[in-house]
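The values are calculated or read from the model by the stated rules, or taken from the named source; none is laboratory data. Every value quoted in this text rests on a predicted model; they were computed, and no experiment measured them. Backbone-built Cβ (ideal geometry, glycine too); neighbour counts: all protein chains shown.
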Amino acid sequence: MQSVTRTSVVAATCLLAAAFIAVPVFSQQAAQSGRRIGSTQRIAVGDAIKGGDMNISTGSTDFAGEWVVYDEEERELGNFTGIPHSEAGRMRAETHDASEWSIPEFQCRPHPLLAQWRASGAVRIRKDVDPVNRSVTAYRVTFIRGLDDRVIYLDGRPHPSEYAPHTWYGFSTGTFKGNTLIITTTHLKEGYFDWNGNSVSDKAKVTEWWVRHGNFLTVTLMHEDPIYLSEPFMQSISYLLDTHTEVEYFPCTVITEITSGRFPHHLPGKNPYLREYAEDNGIPYEAARGGAETMYPDFRLKIRAAGRTE
Amino acid sequence: MRMKRDRLTRGGCAVALTLIAGVCTLDRLAARQATAPGIQVLPVQGNVYLLAGAGGNISISTGYDGTLLVDAGRAEMSEAVLDNLEQLATLVQMPFFPLAPCVGPRCPGGAGTGAYTGGGSWTSQAVNGTVHSPGSLKPLRYIINTSDDSEHTGGNASIRATGMTFTGGNVARGAGGEGVGAEVWAHEAVLSRMVGEKVDIERHPQMTYDTPKYKWNGFFNGEGIELIHAAASTDGDTMVYFRYSDVISTGDILALDRYPAIHVDRGGSIQGTVDALNRVLDMAVAQNKSQGGTYIVPGHGRIADIGDVANYRNMVIRVRDRIQESIKNGQSLPQVKAARPTLDFDGMYGSPDAFIEAVYRSLSVR
């Protein structure tokens with residue numbers, strides 16, 4: 001009888017031990033199998049907390065709130081320093097006429113995505129939450145001079161068809177890498193990334209890195225454009241959390257500003273204002289015209305050498 | 001769209017299985033029902049869908065009154081177009097329920113978001129019967145050609161043959177008239193050119209208009225339709241305006257993936273192109289800040305809105321002005337081409353040679 005009892009206890013202990021070992025194994029399998037539902041990747045909630053590569057956010061950093069721009073920068077007409085223009089991008093910028101803002105279709109045009117972040121003002125960021133598992137499925141961004149919502153999907157959905165409409169903010173999806181939200185945007189309309197003629201084609205792609213340090217939000221933008229840039233162009237900007245700010249309504253009314261029926265632009269080589277910035281700031285015109293090489297330190301040496309020769 | 005039973009059953013079953021499998025939104029399904037490589041069907045707005053990848057873009061209105069197409073794509077793509085049309089028409093004309101993410105008395109959100117409202121469930125034999133054998137589709141009744149270009153009219157003959165025109169019993173057999181195929185519409189200039197160029201008669205329009213604007217003789221799928229004449233790409237261009245859906249199908253007046261194809265020897269002109277694009281801008285209303293609202297289906301390329309049309313019109317004007325300046329300075333066509341007046345747009349719109357030549361010729365004629 002005793003031996004039977006002993007045997008039973010040993011067997012029960014073994015089973016219990018096996019169960020303890022097995023539970024994490026099964027849990028792991030469940031988590032792994034949870035990564036694929038349908039054609040898009042999903043992950044178990046626990047994975048998001050650990051960080052690493054993932055296709056759905058569970059909010060390892062919270063970006064929701066009202067933010068005000070902390071630093072800003074505007075470029076003057078003719079200041080293309082440090083911009084990796086392609087030949088096409090330079091031609092587009094140099095033939096730009098700011099009067100194009102007066103055509104009816106552009107008077108209320110919002111700043112396109114790349115320009116919007118760098119425009120002065122405030123931004124509201126809200127969360128969409130899955131009512132079942134409470135994960136963050138999207139961020140919605142409202143810029144003061146923009147459209148109501150720029151949606152950044154975090155639910156693993158693919159980008160739409162090439163035939164789908166393009167928008168001023170494009171179509172954005174995001175994934176968390178650690179505490180950084182990495183956003184990819186395609187389907188942008190042809191627009192601009194600065195007010196002085198620097199243009200964005202409808203084939204551009206933008207990658208954003210959102211990082212939060214306490215009450216600071218830093219957005220780093222990598223802008224790739226096979227048409228108007230010869231190399232990727234990086235910019236960053238910081239915002240400060242402001243709990244006393246509300247993003248205001250931004251009305252816009254179109255009025256008749258042009259009656260001639262023409263579209264304002266400069267013919268190639270005929271823009272009379274391009275040299276003003278270089279002359280006013282004592283910068284060689286060649287440097288002010290931009291191009292990839294003006295982004296790198298070596299360009300200073302080249303310009304200095306050219307100056308000595310002259 | 002021939003109502004062949006086998007095709008219908010195949011399409012219906014495929015659709016039903018897909019839906020039952022859980023991919024339940026019409027939009028998403030429509031976008032993924034391509035049966036030929038490269039063909040995509042996307043919802044545009046209201047009654048209107050885009051079928052892309054069969055040559056020129058095809059706009060589709062399908063529903064209560066049947067199916068109406070704006071353009072017919074290339075001839076060799078007709079079978080694929082018909083397959084996709086039948087799948088789309090089945091989805092739109094023969095919807096079955098529950099198309100809801102949650103069915104039951106305690107679904108979040110209540111009625112309209114999936115709550116059980118009675119009147120049908122998966123346990124009903126009638127519903128199951130309908131799912132597995134949907135009724136006959138309404139016929140393809142009209143094709144409207146936006147020009148005589150074969151990218152848009154190539155499929156006229158074969159696609160038209162699968163449709164039906166309700167002529168009235170005194171003209172053809174049956175109460176509504178049947179068996180004569182769908183009716184092809186175009187501007188008068190399209191028919192004249194096809195006759196002149198001895199194009200196969202099966203590709204010809206049977207009905208034409210020769211006024212600046214033609215109002216469809218009644219609602220089709222619940223909305224008025226207008227045909228608006230333009231002389232942009234050719235002298236027989238037509239824009240189709242779906243008034244309730246608020247969609248304009250422009251044909252080759254707008255093509256977001258290429259420069260305008262201006263056929264000067266067929267009555268097209270640069271000024272006609274600018275005028276037509278301005279007309280689209282006049283008709284279109286943005287939902288908010290030059291985005292959304294009226295949607296535009298171009299002859300080629302993606303679905304557009306007023307912001308895209310403005311960008312395209314601006315490009316056309318820039319290039320026109322540059323070439324005009326060159327002509328004023330006495331430059332020849334080779335000199336103009338060598339000056340690369342489209343350099344800043346070639347990456348978006350492709351090879352500019354034909355466009356530069358057409359603009360040069362068009363401006364020189366004046």
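Restricting to the stretch A:58-112, give me the number of residues that are of a type in the set (F, W, Y) and in contact (Cβ under 8 Å) with a residue 24 or more places away in the chain. Of the residues in that region, 4 qualify. Of all residues assigned to the stretch A:190-206, none qualifies as being farther than 20 Å from B:D308 by Cα, in contact with a strand residue (DSSP E or B) (Cβ under 8 Å, 6 or more places away or on another chain), in a strand (DSSP E or B) and of a type in the set (K, R). For the stretch A:101-126, what are the residues that are under 10 Å from A:R145 (Cα atoms), away from every other protein chain (no Cβ under 14 Å) and among the hydrophobic types (A, V, I, L, M, F, W, C)? Matches in the stretch A:101-126: A:A122, A:V123. Output yes when any residue across the stretch A:224-242 is in contact (Cβ under 8 Å) with a residue 24 or more places away in the chain, surrounded by fewer than 20 Cβ atoms within 10 Å (Cβ to Cβ) and within 12 Å of chain B (Cβ to nearest Cβ), and no when none is. Yes: the stretch A:224-242 contains one or more residues that are in contact (Cβ under 8 Å) with a residue 24 or more places away in the chain, surrounded by fewer than 20 Cβ atoms within 10 Å (Cβ to Cβ) and within 12 Å of chain B (Cβ to nearest Cβ).
Of the residues contained in the stretch A:152-159, one or more are found to be in a loop (DSSP other than H, G, I, E, B) and more than 14 Å from chain B (Cβ to nearest Cβ). Evaluate the following for A:E246: is it of a type in the set (D, E, K, R), surrounded by fewer than 13 Cβ atoms within 10 Å (Cβ to Cβ) and in contact with a strand residue (DSSP E or B) (Cβ under 8 Å, 6 or more places away or on another chain)? Taking the combined requirement at face value, the residue satisfies it.
Any residue in the stretch A:232-247 that is assigned by TED's automatic domain parsing to the domain that holds A:T142, closer than 30 Å to A:E87 by Cβ and in a loop (DSSP other than H, G, I, E, B)? Among the residues of the stretch A:232-247, at least one is assigned by TED's automatic domain parsing to the domain that holds A:T142, closer than 30 Å to A:E87 by Cβ and in a loop (DSSP other than H, G, I, E, B), which makes the answer yes. Inspection of the stretch A:272-292 identifies no residue that is within 14 Å of another protein chain (Cβ to nearest Cβ), at negative phi, surrounded by fewer than 18 Cβ atoms within 10 Å (Cβ to Cβ) and not aromatic (F, W, Y).
Only a single criterion out of (1) under 14 Å from B:A261 (Cα atoms); (2) in contact with a Ser or Thr (Cβ under 9 Å, 6 or more places away or on another chain); (3) polar (S, T, N, Q) is not satisfied by B:Q335, namely (1). Suppose the filter is in contact (Cβ under 8 Å) with a residue 40 or more places away in the chain, more than 21 Å from A:F233 (Cβ to Cβ), assigned to a strand (DSSP E or B) and within 14 Å of another protein chain (Cβ to nearest Cβ); does A:T175 pass it? Criteria not met by A:T175.
When A:S86 is tested against (1) over 28 Å from B:R322 (Cα atoms); (2) at pLDDT 90 or above; (3) within 14 Å of chain B (Cβ to nearest Cβ), just one condition goes unmet, and that condition is (1).
Within the set B:I323, B:I356, B:I317, the sole residue that is β-branched (V, I, T), part of a helix (DSSP H, G or I), out of contact with any strand residue (DSSP E or B) (no Cβ under 9 Å at 6 or more places or on another chain) and more than 13 Å from chain A (Cβ to nearest Cβ) turns out to be B:I356. Taking the conditions exactly as written (crowded, with 20+ Cβ neighbours inside 10 Å and either within 11 Å of another protein chain (Cβ to nearest Cβ) or part of a loop (DSSP other than H, G, I, E, B) (or both)), does B:D308 satisfy them or not? Judged against the criteria, B:D308 is a match.
Only a single criterion out of (1) closer than 22 Å to B:W216 by Cα; (2) in contact with a Ser or Thr (Cβ under 9 Å, 6 or more places away or on another chain); (3) modelled with pLDDT of 50 or more is not satisfied by B:M1, namely (3).
Which one is farthest from A:E190 (Cα to Cα) among residues in the stretch B:326-353 that are among the polar types (S, T, N, Q) and within 11 Å of another protein chain (Cβ to nearest Cβ)? Here the answer is B:N329. Tell me yes or no: at least one residue of the stretch B:28-43 is within 13 Å of chain A (Cβ to nearest Cβ), modelled with pLDDT under 95, closer than 17 Å to B:P134 by Cβ and part of a helix (DSSP H, G or I). Looking through the stretch B:28-43, at least one residue is within 13 Å of chain A (Cβ to nearest Cβ), modelled with pLDDT under 95, closer than 17 Å to B:P134 by Cβ and part of a helix (DSSP H, G or I). Residues in the stretch A:185-211 that are of a type in the set (S, T, Y), within 14 Å of the chain's Cα centre (by Cα) and surrounded by 17 or more Cβ atoms within 10 Å (Cβ to Cβ): 2 in all. Picking from residues in the stretch B:265-305 that are within 11 Å of chain A (Cβ to nearest Cβ) and in a strand (DSSP E or B), the one that is surrounded by the most Cβ atoms within 10 Å (Cβ to Cβ) is B:V297.
Candidates are the residues of the stretch B:131-158 that are part of a helix (DSSP H, G or I) and touching a helix residue (DSSP H, G or I) at 6+ places or on another chain (Cβ under 8 Å); the one that is nearest to B:E79 (Cα to Cα) is B:S158.
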